[in-house]
1. Counting only the heavy atoms of the protein chains, how much of His45 is accessible to a 1.4 Å probe, in Å² to the nearest 10?
2. Within a Cβ distance under 14 Å of Trp73, other residues only, what is the Lys/Arg minus Asp/Glu net charge?
3. In vacuum, with every alpha carbon of the stretch 32-110 counted as one equal point scatterer, what does the Debye formula give for log10 I(q)/I(0) at q = 0.15 Å⁻¹? Two decimals, please.
4. Using θ = phi - 60° and the Karplus form 6.51 cos²θ - 1.76 cosθ + 1.60, what ³J(HN,Hα) does each residue of the stretch 161-176 get, whole Hz, x for Gly and Pro?
5. Which values, in whole Å and largest first, are the semi-axes of the equivalent ellipsoid of the stretch 92-146 obtained as the square root of 5 times each eigenvalue of the Cα gyration tensor?
6. Could you run the Debye sum over the Cα atoms of the chain, one equal point scatterer each and no solvent, and tell me log10 of I(q)/I(0) at q = 0.15 Å⁻¹, two decimals?
7. Give the long-range amide H neighbours of Val32: residues separated by 5 or more places, or on another chain, with amide H under 5 Å away, using H modelled in the peptide plane at 1.01 Å from N.
8. How far is helix 136-159 tilted, in degrees, relative to the longest principal axis of the Cα atoms in the chain, given as a value from 0 to 90 rounded to the nearest 10?
Amino acid sequence: MPSSSPLPSCAVAGILEAGTDEAGRGCLAGPVVAAAVILPDDFYHPWLNDSKQLTESRREKLRPVIETEAVAWAIGIVDNEEIDRINILNASILAMHRALDGLAVRPGAVIVDGNKFKPWADVPFTTYIKGDARFGNIAAASILAKTERDHIMMEAATRYPGYGWEANKGYPTATHRDAIARLGTTPLHRLSFRLLPEPSLFD
């Protein structure tokens, strides 16, 4: 087995680097969830990749591997009411900050999926577009964030049946929007989002 991940770290030798990513930014309901992960330098797993490129089964199997082998990991959550108050961009960054706050080991550097971030704890950071497909620690964070959020939405589906959250996880599918039109909103919907399409002039 190779001694390093196919998705490398970009850390300077000797500096603990945390990768962070979020899940659920484009959803109509539920929280935005972020994770932060510090992987050991020699971490390797052949499946490690952007969570969107993995099957649900592989994400679920990778999660305990990451949690067991990481130097440190943590989850950060911002609920739908906070999202409505501060907007989804600020909420996504806040969720990543909360994940970083939860790490048992303080990193010396942070790398972030995307191109928007705010300084955290005076630790230097770098943003990377599609970072979850480029760096192992961001990929690991994307897997933890995605699986955690999926679990939250599957549990929520039992409390608010009819919206299909067990399948769509709160994303704006036709089934989800049809349910909103028929049933109305729940306490978990993001009311600052456009929950239904704009009516056509020809309707």
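The values are calculated or read from the model by the stated rules, or taken from the named source; none is laboratory data. Here the structure is a predicted model, which means the values were calculated and not measured. As a convention, Cβ positions derive from the backbone with ideal geometry for all residues, glycine included, and neighbour counts pool all protein chains shown. Just so you know, the surface numbers come from the protein's heavy atoms only, side chains and all, with ligands and any DNA or RNA stripped out. Shrake-Rupley method; radii C 1.70, N 1.55, O 1.52, S 1.80 Å.
1. Accessible area, nearest 10 Å²: 30 Å².
2. Values: positive: Arg63, Arg98, Arg106, Lys146; negative: Glu17, Asp21, Glu67, Glu69, Asp101, Glu148.
Around Trp73, the surrounding residues sum to -2.
3. The Debye formula, applied to the Cα set alone, gives -0.62.
4. x, x, 9, x, 5, 5, 10, 8, 6, x, 6, x, 7, 4, 4, 5
5. Values: eigenvalues 53, 34, 24 Å².
Its equivalent ellipsoid spans semi-axes of 16, 13, 11 Å.
6. Once normalised to I(0) and log-transformed, intensities are -0.88.
7. Distant-sequence amide H within range of Val32: Val78.
8. Helix 136-159 and the main axis of the chain meet at about 30 degrees.
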